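A short worksheet on the structure shown next.
The values are calculated or read from the model by the stated rules, or taken from the named source; none is laboratory data. From a predicted model like this one, the values you see are computed outputs, not experimental measurements. Positions of Cβ are backbone-derived with ideal geometry, glycine not excepted, and every protein chain shown enters the neighbour counts.
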Amino acid sequence: MKHSFYSVLSDAVNEFRAQGFKSDAQLEEWVKKIRQAAADSLVPEKVMEQTLRDTFGSVYERLIERAEILRSMPGVSRYTLAKVKPKLRAELDRRMMASRNLIKLNRAAMIEKTTQRFSGWATSIPAGGSCAVDVKDTKDDIRKALSSMPFVERRVHIDQAMKFTSALNEIVAVDGGAIAAMWHSQWRRRGYDYREDHKERDGKVYAVRGNWAIEKGFMKAGPNGYTDQITKPGEEVFCSCSYTFIFSLPKLLKVAPDMLTEKGRAAASAIA
């Protein structure tokens with residue numbers, strides 16, 4: 001019969017409060033019980049994996065299957081989107097695996113932190129026990145890490161979904177012929193904990209390395225360099241930045257004219 005984590009922890013704290021730390025065997029037995037009860041208290045892995053599938057599946061369905069990603073990429077056709085679907089599906093599988101592993105690592109770390117807190121407290125109680133122990137405060141302190149797991153896992157879902165969205169956008173844009181990308185920071189958003197260097201990138205344009213316009217001599221990397229020389233939007237933890245991808249020479253002429261060569265300016269003017 002499984003016992004709740006709280007009841008197991010209560011029994012452990014009450015025993016050490018009454019009897020104190022008597023032996024390593026006593027401690028090891030309670031640590032084993034607490035570790036098992038903690039693991040049993042978490043959302044089952046099958047449920048966790050289904051939640052991940054729902055999270056990433058909804059992003060993939062909306063952006064790729066319903067082709068909503070093309071709304072922000074006028075330079076990409078449905079044919080191109082269909083052509084890169086194997087890459088996009090592989091990214092879905094990769095992000096699912098990464099998220100699953102991250103949650104498992106977080107769970108193991110939280111359980112370990114919980115048993116460490118308990119061990120640290122239990123070994124401080126003298127033989128014979130101590131009436132000075134505040135049972136409620138002690139239990140609250142020991143289970144603090146484990147109590148935060150639902151919040152931590154929700155944040156993992158949010159952060160990994162951002163990373164997934166960013167990766168899908170980049171794959172579609174690059175394979176669709178993007179020549180540059182403009183960084184958009186969320187630093188103006190109220191309550192957003194932005195990174196200073198990401199704020200400094202806001203509105204800057206970066207060249208996509210090896211794109212068709214560079215190969216034809218129409219453009220070069222500007223003072224900001226290439227997209228692969230900086231972290232990607234969403235790459236760093238809880239980053240909500242994004243790119244607007246640029247596919248045409250006239251558009252690049254408007255936002256970053258210094259990235260066009262003379263040949264490129266002439267071609268952009270002719271197209272416009």
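Which ones in region 52-79 are surrounded by 16 or more Cβ atoms within 10 Å (Cβ to Cβ) and either acidic (Asp, Glu) or in contact with a helix residue (DSSP H, G or I) (Cβ under 7 Å, 6 or more places away or on another chain) (or both)?
Here is the first cut: in region 52-79, the ones surrounded by 16 or more Cβ atoms within 10 Å (Cβ to Cβ) are 52, 55-56, 59-60, 63-64, 69-70, 73, 75-76.
The answer is Leu52, Thr55, Phe56, Val59, Tyr60, Leu63, Ile64, Ile69, Leu70, Met73, Val76.
Given the conditions (1) of a type in the set (S, T, N, Q); (2) in contact with a strand residue (DSSP E or B) (Cβ under 9 Å, 6 or more places away or on another chain); (3) assigned to a loop (DSSP other than H, G, I, E, B); (4) in contact (Cβ under 8 Å) with a residue 60 or more places away in the chain, report the number of the one that Ser240 does not fulfil.
(2)
Here are the criteria: (1) β-branched (Val, Ile, Thr); (2) farther than 14 Å from Ser248 by Cα; (3) in contact with a Ser or Thr (Cβ under 8 Å, 6 or more places away or on another chain). Tell me which single one Ile158 does not satisfy.
(3)
Taking the stated definitions as given, is Ser7 over 30 Å from Asp137 (Cα atoms) and assigned to a helix (DSSP H, G or I)? Full working, then the answer.
Working: over 30 Å from Asp137 (Cα atoms): no; assigned to a helix (DSSP H, G or I): yes.
Taking the combined requirement at face value, the residue does not satisfy it.
For region 87-95, check the following and say yes or no: at least one residue is closer than 30 Å to Pro44 by Cβ, aliphatic (A, V, I, L, M) and either surrounded by 13 or more Cβ atoms within 10 Å (Cβ to Cβ) or in contact with a Pro (Cβ under 9 Å, 6 or more places away or on another chain) (or both). Give the steps one after another, and end with the answer.
Our first condition is that a residue be closer than 30 Å to Pro44 by Cβ; within region 87-95, this holds for 88-95.
Subsequent filtering for residues that are aliphatic (A, V, I, L, M) retains 88, 90, 92.
Then keep just the ones that are either surrounded by 13 or more Cβ atoms within 10 Å (Cβ to Cβ) or in contact with a Pro (Cβ under 9 Å, 6 or more places away or on another chain) (or both); that gives 88, 92.
Looking for residues that are closer than 30 Å to Pro44 by Cβ, aliphatic (A, V, I, L, M) and either surrounded by 13 or more Cβ atoms within 10 Å (Cβ to Cβ) or in contact with a Pro (Cβ under 9 Å, 6 or more places away or on another chain) (or both), one finds at least one in region 87-95, hence yes.
Check Ala161, Ala178 and return the single one that is among the small types (Gly, Ala, Ser) and assigned to a helix (DSSP H, G or I). Break it down into steps so the answer makes sense when it comes.
Details: Ala178 fails: assigned to a helix (DSSP H, G or I).
From the options Ala161, Ala178, the qualifying one is Ala161.
Yes or no: Arg71 in the same structural domain as Glu170 (by TED's automatic domain parsing), among the basic types (Lys, Arg) and modelled with pLDDT under 95? Before you say what the answer is, go through the steps one by one.
Numbers: in the same structural domain as Glu170 (by TED's automatic domain parsing): yes; among the basic types (Lys, Arg): yes; modelled with pLDDT under 95: yes.
Spelling it out, Arg71 is indeed in the same structural domain as Glu170 (by TED's automatic domain parsing), among the basic types (Lys, Arg) and modelled with pLDDT under 95.
Could you grab me the full set of residues in region 207-237 that are part of a helix (DSSP H, G or I), loosely packed, with under 13 Cβ neighbours inside 10 Å and β-branched (Val, Ile, Thr)?
The answer is none; no residue qualifies.
Scan region 161-210 residue by residue and report those that are touching a residue at least 60 places away in the same chain (Cβ under 8 Å) and closer than 18 Å to Pro223 by Cβ.
If the condition is that a residue be touching a residue at least 60 places away in the same chain (Cβ under 8 Å) and closer than 18 Å to Pro223 by Cβ, then Ile179, Ala180, Ala181, Met182, Trp183 are the ones that fit.
What are the residues in region 254-272 that are surrounded by 20 or more Cβ atoms within 10 Å (Cβ to Cβ) and in a helix (DSSP H, G or I), if any? Even if it seems obvious, please write down each step before you answer.
Keep residues of region 254-272 that are surrounded by 20 or more Cβ atoms within 10 Å (Cβ to Cβ), which gives 256, 259-260, 264, 267-268.
Scanning region 254-272 gives Met259, Gly264, Ala267, Ala268.
Just to be sure before I move on: is Asp24 loosely packed, with under 12 Cβ neighbours inside 10 Å and free of Cβ contacts under 8 Å to residues at least 40 places away in the same chain in the structure I sent? Even if it seems obvious, please write down each step before you answer.
Values: loosely packed, with under 12 Cβ neighbours inside 10 Å: yes; free of Cβ contacts under 8 Å to residues at least 40 places away in the same chain: yes.
Yes.
Find the residue count for region 102-132, including only residues that are farther than 15 Å from Ser148 by Cα and surrounded by fewer than 12 Cβ atoms within 10 Å (Cβ to Cβ).
Residues that pass the stated criteria total 6.
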